[in-house]
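Peer 1: Structure provided below as structure tokens; questions to follow.
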Amino acid sequence: MKQSKYDVVETLPCGSHIQHGPFNDRIYLMKASDSGIEDLPLRLRHLAEEEGYGKIFAKLPESLSTDFREAGFQIEAEIPNFYRKCENGLFLAYFNNASRKREKDIKHYLENIHLALKKQKGLIKPLNPHFRLRQCRENDLKQMAEIYRKVFPSYPFPIHETAYLQKTMQGNVDYYGVETRGKLIALASAEKDFEAGHAEMTDFATLPERRGYGLALHLLRYMENTLPGKGIHSVFTIARAASPGMNITFAKSRYTYAGRLVNNTNISGRIESMNIWYKYLKSRNI
């Protein structure tokens, strides 16, 4: 049986969900359970040391963060009222070595944030009338995987594989696309957490020959308009700090910058730092 090169996602005995492996060289605590929270930080540190991972990255409610902070975890980003409209969400990091904590491109990252905020009130081009926005279906899976393979040399999750796209589409992820002449040319997704009431806006990809039309902006707006009716009150993204375009996209869409995750994610062929942006949704169209 062929071994996947991607990190594995598993549920711990305490009920918390993690992703870990050498591909991203990290442990990602995706969803923390109340059960066993006192022991979880040290268990994760032990696993990271055992496997030689450079970083532990944890996303969790502030009320569950005390033991993590006492165990040496640091806050990298924070979103107010992230959980159930009433509790702050924290993005915490623990570094196993000094090299993982050093950022070579920090000046470039800061310039990108400055540029994004400067362009926050810039005009948004109307969608080209030849393009159509729609939700993706299972008969799009092959096209979707091909687009992701063309756009990303590497990615933290196996979006290049149709089986993964199908599984997530049948679960809690809605995929959206821009279509012209019956062919998809751009993609994005909304990963919903109904219990927390928020969704991650992610997996943005536009074919190189179709860039310059502001398709990510239109996809983002389209997705935002579908979510309030599904019980989602806020949205966030984890965007490449090195990408001026994606940061401008979220700034123009009135997202708030919440912090940077240092050397966090294997994307486009290397480990990169990522920016957190968030936004509260209105009950009707944005």
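The values are calculated or read from the model by the stated rules, or taken from the named source; none is laboratory data. Small disclaimer: the values here were computed from a predicted structure and weren't measured. Counting neighbours? That spans all protein chains shown, and the Cβs are built from the backbone with ideal geometry, glycine included.
Peer 1: Taking the criterion of being assigned to a strand (DSSP E or B) and surrounded by fewer than 20 Cβ atoms within 10 Å (Cβ to Cβ), would at least one residue in the stretch 201-216 satisfy it? Break it down into steps so the answer makes sense when it comes.
Peer 2: Going residue by residue through the stretch 201-216, those that are assigned to a strand (DSSP E or B) are 201-206.
Now restrict to residues that are surrounded by fewer than 20 Cβ atoms within 10 Å (Cβ to Cβ): 202.
Among the residues of the stretch 201-216, at least one is assigned to a strand (DSSP E or B) and surrounded by fewer than 20 Cβ atoms within 10 Å (Cβ to Cβ), which makes the answer yes.
Peer 1: Restricting the stretch 115-147 to residues that are among the charged types (D, E, K, R) and within 19 Å of Tyr213 (Cα to Cα), which is surrounded by the most Cβ atoms within 10 Å (Cβ to Cβ)? Break it down into steps so the answer makes sense when it comes.
Peer 2: Quick first cut of the stretch 115-147, residues among the charged types (D, E, K, R) only: 118-119, 121, 125, 132, 134, 137-138, 140, 142, 146.
So of that shortlist, the ones also within 19 Å of Tyr213 (Cα to Cα) come out as 119, 121, 125, 132, 134.
Details: Lys119: 15, Lys121: 9, Lys125: 12, Arg132: 13, Arg134: 12.
Ranking the qualifying residues of the stretch 115-147, first place goes to Lys119.
Peer 1: Sticking with this one: What are the residues in the stretch 47-102 that are of a type in the set (D, E, K, R) and buried (at least 20 other Cβ atoms within 10 Å of the Cβ), if any? Spell out the reasoning first.
Peer 2: Filtering the stretch 47-102 for residues of a type in the set (D, E, K, R) gives 49-51, 55, 59, 62, 67, 69-70, 76, 78, 84-85, 87, 100-102.
The answer is Lys55, Lys59, Glu76.
Peer 1: Right, another one. Name the residue, out of Arg260, Arg221, Arg181, Arg211, that is farther than 25 Å from Phe131 by Cβ and of a type in the set (Lys, Arg). Give the steps one after another, and end with the answer.
Peer 2: Numbers: Arg221 fails: farther than 25 Å from Phe131 by Cβ; Arg181 fails: farther than 25 Å from Phe131 by Cβ; Arg211 fails: farther than 25 Å from Phe131 by Cβ.
From the options Arg260, Arg221, Arg181, Arg211, the qualifying one is Arg260.
Peer 1: Separate question: Is it the case that some residue within the stretch 161-170 is surrounded by fewer than 13 Cβ atoms within 10 Å (Cβ to Cβ), out of contact with any Pro (no Cβ under 7 Å at 6 or more places or on another chain), hydrophobic (A, V, I, L, M, F, W, C) and more than 18 Å from Thr249 (Cα to Cα)? Full working, then the answer.
Peer 2: At the first step, the residues of the stretch 161-170 found to be surrounded by fewer than 13 Cβ atoms within 10 Å (Cβ to Cβ) are 163, 167, 170.
The next check asks that each one be out of contact with any Pro (no Cβ under 7 Å at 6 or more places or on another chain); those that pass are 163, 167, 170.
Add one more test, that the residue is hydrophobic (A, V, I, L, M, F, W, C), and what stays is 163.
Filter once more, so that each one left must be more than 18 Å from Thr249 (Cα to Cα): 163.
Yes, the stretch 161-170 contains a residue that is surrounded by fewer than 13 Cβ atoms within 10 Å (Cβ to Cβ), out of contact with any Pro (no Cβ under 7 Å at 6 or more places or on another chain), hydrophobic (A, V, I, L, M, F, W, C) and more than 18 Å from Thr249 (Cα to Cα).
Peer 1: If you don't mind, another one. Within the stretch 31-46, how many residues turn out to be in a helix (DSSP H, G or I) and either closer than 25 Å to Asn172 by Cβ or without any contact (Cβ under 8 Å) to a residue 12 or more places away in the chain (or both)? Break it down stepwise before answering.
Peer 2: Here is the first cut: in the stretch 31-46, the ones in a helix (DSSP H, G or I) are 40-46.
Checking the rest, the ones that are also either closer than 25 Å to Asn172 by Cβ or without any contact (Cβ under 8 Å) to a residue 12 or more places away in the chain (or both) come to 40, 44, 46.
Result for the stretch 31-46: 3.
Peer 1: Name the residues in the stretch 93-129 that are assigned to a loop (DSSP other than H, G, I, E, B), in contact with a Ser or Thr (Cβ under 9 Å, 6 or more places away or on another chain) and among the aliphatic types (A, V, I, L, M), would you?
Peer 2: The answer is Ile124, and nothing else.
Peer 1: Looking at the stretch 238-264 only, could you name the residues that are among the small types (Gly, Ala, Ser) and in a strand (DSSP E or B)? It would help to see each step written out before you state the result.
Peer 2: So the first thing to find is which residues in the stretch 238-264 are among the small types (Gly, Ala, Ser), and the list is 239, 241-243, 245, 251, 253, 258-259.
Within the stretch 238-264, Ala239, Ala258, Gly259 meet the criteria.
Peer 1: Test of understanding: among Lys119, Lys125, which residue is within 26 Å of Asn263 (Cα to Cα), basic (Lys, Arg) and assigned by TED's automatic domain parsing to the domain that holds Val178?
Peer 2: Numbers: Lys125 fails: within 26 Å of Asn263 (Cα to Cα).
After applying the criteria, what remains is Lys119.
Peer 1: Let me ask something additional. Any residue at all in the stretch 13-25 that's closer than 17 Å to Asn264 by Cα, among the charged types (D, E, K, R) and at pLDDT below 95?
Peer 2: Within the stretch 13-25, not a single residue is closer than 17 Å to Asn264 by Cα, among the charged types (D, E, K, R) and at pLDDT below 95.
Peer 1: Something else about it: Could you tell me which numbered condition Thr180 fails, if it satisfies all but one of (1) surrounded by fewer than 19 Cβ atoms within 10 Å (Cβ to Cβ); (2) within 23 Å of Met30 (Cβ to Cβ)?
Peer 2: (2)
For (1) of a type outside the set (Val, Ile, Thr); (2) touching a Gly at 6+ places or on another chain (Cβ under 8 Å), each residue gets a yes or a no:
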position	(1), (2)
Tyr6	yes, yes
His20	yes, no
Ser33	yes, yes
Ile56	no, no
Lys59	yes, yes
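Peer 1: In the stretch 81-114, what count of residues is obtained for those that are at pLDDT 95 or above and touching a His at 6+ places or on another chain (Cβ under 9 Å)?
Peer 2: So the answer is 4.
Peer 1: Something else: Anything in the stretch 224-270 that is polar (S, T, N, Q), free of Cβ contacts under 8 Å to residues at least 60 places away in the same chain and surrounded by 19 or more Cβ atoms within 10 Å (Cβ to Cβ)? List them, or say none.
Peer 2: Thr237, Thr249, Ser253
Peer 1: Just to be sure before I move on: is Pro156 in the same structural domain as Thr256 (by TED's automatic domain parsing), part of a loop (DSSP other than H, G, I, E, B) and under 20 Å from Leu184 (Cβ atoms) in the structure I sent?
Peer 2: no
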